[in-house]
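The values are calculated or read from the model by the stated rules, or taken from the named source; none is laboratory data. Since we're looking at a predicted model, the values are computed, not measured. Cβ sites come from the backbone with ideal geometry, for glycine too, and all protein chains shown count toward neighbours. For the accessible areas, the whole protein counts, side chains as well, though only heavy atoms, and no ligand, DNA or RNA atoms are used. Shrake-Rupley method; radii C 1.70, N 1.55, O 1.52, S 1.80 Å.
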Amino acid sequence: MRRNYILADNQELTRFALESLLSKKEENVVYKTSDKADLVELLKLHESAVVILDYTLFDFADEDQLLIIAERFNLSDWILLSEELTPQFLRRMVYSSHQFSVVFKDGSLSEIRNALNAVEGHTRYLSQRALEAIIAQQQEEETPNILTHTEIEIVKAIALGKSTKEIAAERFSSIHTVNTHRKNIFRKLGINTAHEVIKYALRAGLVDSSEFYI
């Protein structure tokens, strides 16, 4: 089945890689755009196109503009593909009336393929990193001054001297996700160093002092 794709990404290397991936299916037609005005004109011609957008590198003034355009062309499918998107932004996109898929540029090629396959069937795809960010943000809003279960487990791991890479591997999470949890922990506890995390973990009874030396 023929599908039109619009690459709304101002990173030349990403555009080249996506175009190469999409052109493997001869029936695909790929258009490229570098600004919002041109994107709208392309959507007028191809209302059911798949838009692959790097929001952080494009010329949207804010997320409201993105939502307005997506809802105006409600037959279109969107894949948000960026290096970094805030949890607040992700939650708003996911809970909007339009259907956005989300993958990150540091993710695997299989994630991008999964997203492309999903939108071909007009379904949503959220990468593991996106899901974790959305869930963590929701938990924080529900209990803004209390560490979540995940954060407590990460506090224990930090106190036991485990590196971010080791924690990510144990939790089947990305390093980025663990770093985000780490920042939230430091902010909630009002601390700045791993040494202070250890002291907190000892006071809270999360770890046994016999397991390490201060």
Legend entry - Unmet requirement for Tyr5, which otherwise passes all of (1) hydroxyl-bearing (Ser, Thr, Tyr); (2) at pLDDT 95 or above; (3) closer than 30 Å to Gln138 by Cβ: (3)
Inset, instruction - Output the qualifying pairs, or none if there are none: Cβ atoms under 9 angstrom, residues six or more apart or on different chains, first residue in the range 20-39 and among the polar types (S, T, N, Q), second residue surrounded by fewer than 15 Cβ atoms within 10 Å (Cβ to Cβ) and assigned to a loop (DSSP other than H, G, I, E, B). - result: Asn28/Arg2; Ser34/Asp59
Legend entry - Of the criteria (1) in a loop (DSSP other than H, G, I, E, B); (2) without any contact (Cβ under 8 Å) to a residue 40 or more places away in the chain, which one Thr150 fails: (1)
Inset, instruction - Answer yes if at least one residue in the range 151-162 is under 30 Å from Lys25 (Cβ atoms), open to solvent by less than 70 Å² (accessible area, probe 1.4 Å) and of a type outside the set (Val, Ile, Thr), and no otherwise. - result: no
Legend entry - Looking only at the range 179-214, and only at residues there that are outside any helix (DSSP H, G or I), over 18 Å from His149 (Cβ atoms) and open to solvent by 50 Å² or more (accessible area, probe 1.4 Å), the one that is modelled with the lowest pLDDT: Ile214
Inset, instruction - Would you check which residues across the range 91-110 are assigned to a loop (DSSP other than H, G, I, E, B), touching a helix residue (DSSP H, G or I) at 6+ places or on another chain (Cβ under 6 Å) and buried (at least 16 other Cβ atoms within 10 Å of the Cβ) and list them? - result: His98
Inset, instruction - Identify all residues within the range 97-106 that are over 9 Å from the mean Cα position of the chain (by Cα) and free of Cβ contacts under 8 Å to residues at least 60 places away in the same chain; write none if there are none. - result: Ser97, His98, Gln99, Phe100, Ser101
Inset, instruction - Find the residue count for the range 111-131, including only residues that are open to solvent by 30 Å² or more (accessible area, probe 1.4 Å), charged (D, E, K, R) and within 14 Å of the chain's Cα centre (by Cα). - result: 2
